[in-house]
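Chemist: Sending over a structure as structure tokens; questions will come in a sec.
The values are calculated or read from the model by the stated rules, or taken from the named source; none is laboratory data. Since this is a predicted model, take the numbers as computed values, not measurements. A quick note on method: Cβ atoms are made from the backbone with ideal geometry, for glycine too, and the neighbour counts reach across all protein chains shown.
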Amino acid sequence: MYIYLYLNIFTILFPLLLSFDKKVAFYRNWPALLPAILVNAVLFIVWDVQFTKNGIWGFNEEYLTGIYLFNLPLEEVLFFITVPYACVFIYDVLNAYITRDLLQPYVKTIALGLMVVLPAIAVFNMAKWYTSITFMLLAILHLVHLRYFGTRYLGRFYLAYLVHLLPFLIVNGVLTYLPVVWYNDNYNLGLRLVSIPIEDTMYSMLMLLLTISMYEGLRDKLSLKQYQPSAV
């Protein structure tokens, strides 16, 4: 049963088909999106290879095609393409249909809370690599994002993150309940949302914030380049 492959297809199918919606016209942003996804995928695949090698998590061959790239299941590699694509699509759809930045008044509080709480948890759980590395990197990425963009995009990012939690719970719920992906609890807090390690919620935020930060940065550069006068 190729369940992990089917989940990847399910994840990207509707966002891909709806990318040509006239109001959102998501396909027009592919020049900024595809490099952002590629960089994100490379970084997370390197991380994934190391964690799999060290037994921090692994995969149940019963639910895989048996094709491997970089010593990872093909489906796991595809995950770092399909999920960011679908989530940035959610981000852009919300931006198109909800004109008001609903969470902007709370951005500084949310960001500050994450940058204080996550490193504290990481420091007290250094031996739990999934927890400590994920939480610390997410706090650092917030600092980097704020340095380059301020709070310009964070309100809309947090809204997209909250909306993405519904499909996240469905897809990750299937992956961890069967399980298609298993976790060694010696390296995490052992706290679960049913079958999903609590760290997965922050891992997902890290992956999405990295992708959207690069995506918005590239969109800014492409827009600037488009309006620059040609040299005579």
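Chemist: Just to be sure, is residue 60 at pLDDT 95 or above and closer than 28 Å to residue 90 by Cα?
Modeler: no
Chemist: Return the only residue of 215, 227, 153 being under 30 Å from residue 29 (Cβ atoms), modelled with pLDDT under 95 and among the hydroxyl-bearing types (Ser, Thr, Tyr).
Modeler: Answer to the selection: 227.
Chemist: Looking only at the stretch 223-232, decide whether some residue is aromatic (Phe, Trp, Tyr) and surrounded by 15 or more Cβ atoms within 10 Å (Cβ to Cβ).
Modeler: Looking for residues that are aromatic (Phe, Trp, Tyr) and surrounded by 15 or more Cβ atoms within 10 Å (Cβ to Cβ), one finds none in the stretch 223-232, hence no.
Chemist: Another question, if that's okay. I'm trying to understand the selection: among the residues of the stretch 49-64, which are surrounded by fewer than 21 Cβ atoms within 10 Å (Cβ to Cβ) and either in contact with an Asp or Glu (Cβ under 8 Å, 6 or more places away or on another chain) or assigned to a helix (DSSP H, G or I) (or both)?
Modeler: 49, 50, 51, 52, 53, 59, 61, 62, 64
Chemist: Quick check on the stretch 65-81. Is at least one of its residues without any contact (Cβ under 8 Å) to a residue 12 or more places away in the chain and part of a strand (DSSP E or B)?
Modeler: Scanning the stretch 65-81 turns up at least one residue that is without any contact (Cβ under 8 Å) to a residue 12 or more places away in the chain and part of a strand (DSSP E or B).
Chemist: Condition test on residue 134, is it assigned to a helix (DSSP H, G or I) and closer than 14 Å to residue 203 by Cα?
Modeler: For residue 134, the condition - assigned to a helix (DSSP H, G or I) and closer than 14 Å to residue 203 by Cα - is met.
Chemist: Any residue at all in the stretch 144-165 that's more than 17 Å from the chain's Cα centre (by Cα), of a type in the set (Lys, Arg) and over 20 Å from residue 215 (Cα atoms)?
Modeler: no
Chemist: Consider only pairs whose beta carbons are under 9 Å apart and that are at least six residues apart or on different chains; among these, list those whose first residue lies in the stretch 44-56 and is closer than 12 Å to residue 80 by Cβ and whose second residue is among the charged types (D, E, K, R) and surrounded by 17 or more Cβ atoms within 10 Å (Cβ to Cβ).
Modeler: Listed pairs, sorted by first residue: 45/76; 48/76.
Chemist: It is to be established whether one or more residues within the stretch 153-160 are in contact (Cβ under 8 Å) with a residue 60 or more places away in the chain and small (Gly, Ala, Ser).
Modeler: Yes - at least one qualifying residue is present in the stretch 153-160.
Chemist: Tell me the residue from 44, 59 that is touching a Phe, Trp or Tyr at 6+ places or on another chain (Cβ under 6 Å) and of a type in the set (Phe, Trp, Tyr), please.
Modeler: Result of the check over 44, 59: 44.
Chemist: Mind checking which residues of the stretch 182-197 are in contact with a helix residue (DSSP H, G or I) (Cβ under 8 Å, 6 or more places away or on another chain), over 14 Å from residue 135 (Cα atoms) and part of a loop (DSSP other than H, G, I, E, B)?
Modeler: 194, 195
Chemist: Which of the following residues is touching a Ser or Thr at 6+ places or on another chain (Cβ under 8 Å), surrounded by fewer than 20 Cβ atoms within 10 Å (Cβ to Cβ), modelled with pLDDT of 95 or more and closer than 24 Å to residue 12 by Cβ: 74, 94?
Modeler: After ruling out the rest, the residue left standing is 74.
Chemist: Could you grab me the full set of residues in the stretch 29-50 that are touching a helix residue (DSSP H, G or I) at 6+ places or on another chain (Cβ under 9 Å) and of a type outside the set (A, V, I, L, M)?
Modeler: 29, 30, 31, 35, 40, 44, 47, 48 - these are the residues of the stretch 29-50 that are touching a helix residue (DSSP H, G or I) at 6+ places or on another chain (Cβ under 9 Å) and of a type outside the set (A, V, I, L, M).
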